[in-house]
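The structure under discussion appears below in the form of structure tokens.
The values are calculated or read from the model by the stated rules, or taken from the named source; none is laboratory data. Worth saying up front: this structure is predicted, and the values here are computed from it rather than measured. Using ideal geometry, Cβ is built from the backbone for each residue, glycine included, and neighbour counts are taken over all protein chains shown.
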Amino acid sequence: MDEALPPPGEALHHLAASLGTPRTTKLLSDRRGSRAWKVTGPDGAVALKANNPDADTVRDKAAEMAQEDDHLRRLTDAGALTPGYRIGAGAWEGGRWLAVRWVDGAPVWRAFALARGPEGDRPSVRPRILGIARTWAERLARMHATGWAHADVQPTNTLITNDGPAELIDYALACHPDHTPRVPYRGAITHTTAPEIAHALLTTGDDIHITATPAADAWGLGASLFWCWTGHRPVAYEDDTPREDKLRAIAKGVTIPLSGVRPWAFPEFEGLIAACLHPDPASRPSAEALASC
Ligand SMILES: Nc1ncnc2c1ncn2[C@@H]1O[C@H](COP(=O)(O)OP(=O)(O)O)[C@@H](O)[C@H]1O
Ligand SMILES: [Mg+2]
């Protein structure tokens, strides 16, 4: 157990029944107002998240965590999520916690480590990165078929399992056109924000909910693949540029030419990324089409 930052006792108490005893706890992340742990017991493992009540963040992470629980239930009912992914959720003295089934995999950035260098230009790497793109699209297509968009498609919210397939995590910001969430959607990470979402964010007030769409997820997928394969984000701006100016640059719909930054030539993969990054949402391929290309 990490004594310095233990998970909420209320959550561990709840998990005792499903994980068994003894349990070990490992802190995975502590950022932007929320923390995540891996909790392992003889009967299984979960990812446990809780808001950090002391964090100085403008986002209300406790409300987002309650919202993610609501999304997990709705997505499961709609058939977009495997029953059993949601393990449990509840209140603790500092806010909210949420536990989901452990997905054993590496973040996409790490899965692309070999592909990112010149030595990645080898026959075994090509099907592997195409497989990541296709299975990532397949997971998105399953959500899109029910009308939901993930709305936070980015390299840290997808894990690549050892045998290859991509798995989506982090459903906190998911959007459905018929559902008004507790916390208005104001975009997620800047670098994978689609141009039309960037435009909507720039032209509406901070409390106005924007509904992210499947086409915006497709742009996020292309941006994530671009970023992880080349090491460059798809739109040119400096790291210290204010978010609003980054969004202005993205809203123009112009991306860096992939041919100038790719580590090696792979026309099929480049075509897939370029199609996802089309500035016109209606011209992007659906996740379903990407999954079978
Ligand atoms: N189901 C899961 N399986 C394995 N690791 C997970 C899972 N869910 C979350 N994590 C880990 O916890 C981190 C934070 O979880 P996430 O749901 O992305 O919340 P947030 O981005 O709000 O911190 C992830 O980047 C990942 O490392
Ligand atoms: Mg996340």
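From (1) among the hydrophobic types (A, V, I, L, M, F, W, C); (2) buried (at least 20 other Cβ atoms within 10 Å of the Cβ); (3) in contact with a strand residue (DSSP E or B) (Cβ under 6 Å, 6 or more places away or on another chain), pick out the condition that doesn't hold for Leu81.
All conditions are met except number (3).
Report, by residue number, each residue of region 143-176 that is away from ligand 2 (no atom under 16 Å from the Cβ), out of contact with any Phe, Trp or Tyr (no Cβ under 9 Å at 6 or more places or on another chain) and not β-branched (Val, Ile, Thr).
His144, Ala145, Gly147, Asn162, Asp163, Gly164
Within the bounds of region 50-64, is there any residue that is assigned to a strand (DSSP E or B), modelled with pLDDT of 90 or more, within 16 Å of ligand 2 (Cβ to nearest atom) and in contact with a strand residue (DSSP E or B) (Cβ under 9 Å, 6 or more places away or on another chain)? Explain how you work it out, then say what you get.
Pass one, region 50-64, residues assigned to a strand (DSSP E or B): 50-51.
With the extra rule that they be modelled with pLDDT of 90 or more, the set shrinks to 50-51.
Now drop any that are not within 16 Å of ligand 2 (Cβ to nearest atom), which leaves 50-51.
Of the ones still in play, those that are also in contact with a strand residue (DSSP E or B) (Cβ under 9 Å, 6 or more places away or on another chain) are 50-51.
So far as region 50-64 goes, yes, one or more of its residues are assigned to a strand (DSSP E or B), modelled with pLDDT of 90 or more, within 16 Å of ligand 2 (Cβ to nearest atom) and in contact with a strand residue (DSSP E or B) (Cβ under 9 Å, 6 or more places away or on another chain).
Can you name the number of the only condition in (1) surrounded by 20 or more Cβ atoms within 10 Å (Cβ to Cβ); (2) of a type outside the set (Gly, Ala, Ser); (3) away from ligand 2 (no atom under 16 Å from the Cβ) that His13 fails?
Status for His13: all satisfied but (1).
Does region 238-260 hold any residues that are touching a residue at least 40 places away in the same chain (Cβ under 8 Å) and of a type in the set (D, E, K, R), and which are they? Give the steps one after another, and end with the answer.
Kept after step one, since they are touching a residue at least 40 places away in the same chain (Cβ under 8 Å), are these residues of region 238-260: 243-244, 246-248, 250-253.
Within region 238-260, Arg243, Glu244, Lys246, Arg248, Lys252 meet the criteria.
Working carefully through the options Pro281, Pro263, find the one that is under 22 Å from His150 (Cα atoms), surrounded by fewer than 22 Cβ atoms within 10 Å (Cβ to Cβ) and touching a residue at least 40 places away in the same chain (Cβ under 8 Å).
Numbers: Pro263 fails: under 22 Å from His150 (Cα atoms).
It is Pro281.
Read through the list (1) in a helix (DSSP H, G or I); (2) among the small types (Gly, Ala, Ser); (3) surrounded by 16 or more Cβ atoms within 10 Å (Cβ to Cβ), then give the number of the only condition that Gly88 fails.
(1)
Which ones in region 220-271 are in contact with a Ser or Thr (Cβ under 7 Å, 6 or more places away or on another chain) and of a type outside the set (A, V, I, L, M, F, W, C)?
Within region 220-271, Gly220, Ser224, Pro234, Arg243, Lys246, Arg262, Pro263 meet the criteria.
Pick from Arg182, Arg186: which is part of a loop (DSSP other than H, G, I, E, B), at pLDDT 95 or above and closer than 30 Å to Thr203 by Cα?
From the options Arg182, Arg186, the qualifying one is Arg186.
Among strands (runs of 3 or more DSSP E) lying entirely in region 95-162, which contain 2 or more residues that are out of contact with any Asp or Glu (no Cβ under 9 Å at 6 or more places or on another chain)? Even if it seems obvious, please write down each step before you answer.
Values: elements: 95-101, 105-107, 158-161.
Qualifying strands (runs of 3 or more DSSP E): 95-101, 105-107.
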